[in-house]
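Have a look at the structure below before the remarks.
The values are calculated or read from the model by the stated rules, or taken from the named source; none is laboratory data. This is a predicted model, so every value here is computed, not measured. Neighbour counts are summed over all protein chains in view; Cβ atoms, including those assigned to glycine, are modelled from backbone coordinates with ideal geometry. Calculation scope for accessible area: heavy atoms of the full protein, side chains included, ligands and nucleic acids excluded. Shrake-Rupley method; radii C 1.70, N 1.55, O 1.52, S 1.80 Å.
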Amino acid sequence: MLDTPVQRLPRGRHRLAREDIEHAQRMRILVAMAEAMHDRGFVGTPVAEVLRRAGVSRETFYHLYSSKLDCFLSAFDFVADSLLDRLETSLSGPGTPLERFERALTTYLDTLSEAPAYARLFLVEVHAAGPEAMRRRAALQRRLAQALAELFEAKTAADLFACQMIIAAVSSMVTGPLIDHDLDELARLGPPILEHVRHLTGGGLFRGTVQ
């Protein structure tokens, strides 16, 4: 998860398996990548800065990742999977579709506030990382839109398109406050987004939805 603590490996001899060592090294590098890019951006972050923050050697880095972009893509996938796990937990609980949407929206906004470095990585710096990074971002948005469609039992092409628009709009709206480091504004987005979705469902969108 995004809030999993990452600790340095013990010094000297230890009994850790090679797989455990590499996992710990990967996590330290991914955390360092996110934190460095939060401060300096994708373009302004050299591999040397990631090494310094992670406390690993250049040899270790290139044993695990072929390039800065490869590392960035791994960090993106880690963040995306962690976020999806949190949202799926929120959506799978009890309540009406709107109540579950509100819970998931709150989880999303809270996660962005709690982990702004990770949030900036997949919402802002992804634009600077190139075509493959943007393809992964598009894939993440499709997965979120599909989860929304399943929540509201969206069946028609119009309803499915509405789910895509909601996800795209929310993603766009949270980006500005993240760039400005304005977590209060980020939190204020929740009620109007929820009210807008409530208005859409009350206006006939997702006709099969139980309010």
Check: Relative contact order for the range 68-208 using alpha-carbon pairs under 8 Å, separation at least 6, rounded to a whole percent?
Finding: 25 percent
Next item on the list: Determine how large the accessible area of M27 is when every protein chain is in place; take a 1.4 Å probe and give Å² rounded to the nearest 10.
Entry: 30 Å²
Notebook entry, point to check: For a label point 7 angstrom out from the Cα of H181 toward its Cβ, which stretches of the range 96-138 have the backbone nitrogen within less than 13 Å?
Noted result: 116-117
Notebook entry, point to check: Which helices pass in the chain if a helix is a full DSSP H run, must span at least 24 angstrom along its long axis by Cα, and must have mean Kyte-Doolittle hydropathy not below 0.5?
Noted result: 68-91, 157-179
Next item on the list: Report, to the nearest whole %, how much of the accessible area of the range 30-98 belongs to carbon and sulfur atoms, 1.4 Å probe, protein only.
Entry: 53 percent
Notebook entry, point to check: What is the log10 of I(q)/I(0) for the range 58-211, computed with the Debye formula using one identical point scatterer on each Cα and no solvent, at q = 0.09, 0.12, 0.21 Å⁻¹?
Noted result: -0.32, -0.54, -1.40
Item checked: Rounded Å value of the spacing that divides the Cα centres of the range 137-181 and the range 77-121 -> 12 Å
Item checked: Exposure of E35 as accessible area (Å², to 10), given a probe of 1.4 Å and all protein chains -> 90 Å²
Notebook entry, point to check: For the range 11-114, what does the alpha-carbon gyration tensor say about shape, rounded, prolate or oblate, given a ≥ b ≥ c as the root eigenvalues, a/c under 1.5 as rounded, and a/b over b/c as prolate?
Noted result: prolate
